[in-house]
Amino acid sequence: MAVVKICGITRPADLSAVAEAGARYAGLVFFPKSSRHVSIETARTLALAAPPGVARVGLFVNPDDAALEAVLDRVPLDIIQLHGSETPARVAEVKARSGLPVMKAVGIAAAADLDALWDYGLAADLLLVDAKASPDAALPGGNGLAFDWRLLAGRRMLKPWMLAGGLTPANVSEAVRLTGAPMVDVSSGVESAPGIKDRARIRAFVNAAEGSSGFTPEPNEPRTFP
């Protein structure tokens, strides 16, 4: 069973679908280049409407302090997600300045990329293991691309972690089986159009993820955060 995060929420109907399906995390994107980008006021409305039990995650890409503060002053978030080229030192700085848990996305394409999981695991509260974007990609994530999940088989992580990248209702169970991921993150895989979530696909994804069977964690290994 894997806990689910639905990222790229843009409408109240999407948030309702997330809650009804039983997903535990809802992601709000603060990156203008993304079709899932939301304004601060829209994000505030959505965040205030999130029911208990759904953690509100704000996704940022290489934000400066002013950009973070502009959002945090208006939008009640539970977790900050950094999805750019932020260094471990910057991750620690954002955590200290905001007082919030920080999730760091780490792009994986080959075995050589796995070492970064240790470095960021020392600084972040959570890790998001995603497919590594190509150098010419317009977006650092949310591209619907997967990587070789077998690279993660049996790997121990320093922090709680999510698997992302190319996940859909059809393949999430297999992804969890191969990686042992305790949590999964999806965006384009549950959309009917860019930025438009599909209620039926969200339900199917959550059902598939919750019915999946991965590696059994140690008793003291947390499966969700917070």
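The values are calculated or read from the model by the stated rules, or taken from the named source; none is laboratory data. Since we're looking at a predicted model, the values are computed, not measured. No Cβ is skipped: glycine too gets one built from the backbone with ideal geometry, and neighbour counts run over all protein chains shown. Please note that ligands, DNA and RNA were not included when accessible areas were found on the heavy atoms of the full protein model with its side chains. Shrake-Rupley method; radii C 1.70, N 1.55, O 1.52, S 1.80 Å.
Suppose we filter the stretch 17-76 for residues that are basic (Lys, Arg) and under 28 Å from Arg203 (Cβ atoms); how many remain?
The qualifying residues number 4.
So if I check each of Val29, Val54, Val4, which one is under 30 Å from Arg177 (Cβ atoms), surrounded by 17 or more Cβ atoms within 10 Å (Cβ to Cβ), in contact with a His (Cβ under 7 Å, 6 or more places away or on another chain) and among the β-branched types (Val, Ile, Thr)?
Val29
Within the stretch 160-175, how many residues are open to solvent by 10 Å² or more (accessible area, probe 1.4 Å) and either of a type in the set (Ser, Thr, Tyr) or over 20 Å from Ala26 (Cα atoms) (or both)?
Looking only at that region, the number is 5.
Assess whether Ala209 counts as being in contact (Cβ under 8 Å) with a residue 40 or more places away in the chain, buried (at least 16 other Cβ atoms within 10 Å of the Cβ), touching a helix residue (DSSP H, G or I) at 6+ places or on another chain (Cβ under 8 Å) and assigned to a helix (DSSP H, G or I).
Considered against the rule, which asks whether it is in contact (Cβ under 8 Å) with a residue 40 or more places away in the chain, buried (at least 16 other Cβ atoms within 10 Å of the Cβ), touching a helix residue (DSSP H, G or I) at 6+ places or on another chain (Cβ under 8 Å) and assigned to a helix (DSSP H, G or I), Ala209 comes out as yes.
I need the full set of residues from the stretch 142-173 which are at pLDDT 95 or above and out of contact with any strand residue (DSSP E or B) (no Cβ under 7 Å at 6 or more places or on another chain), in order please.
Correct list: Thr168, Pro169, Ala170, Asn171, Ser173.
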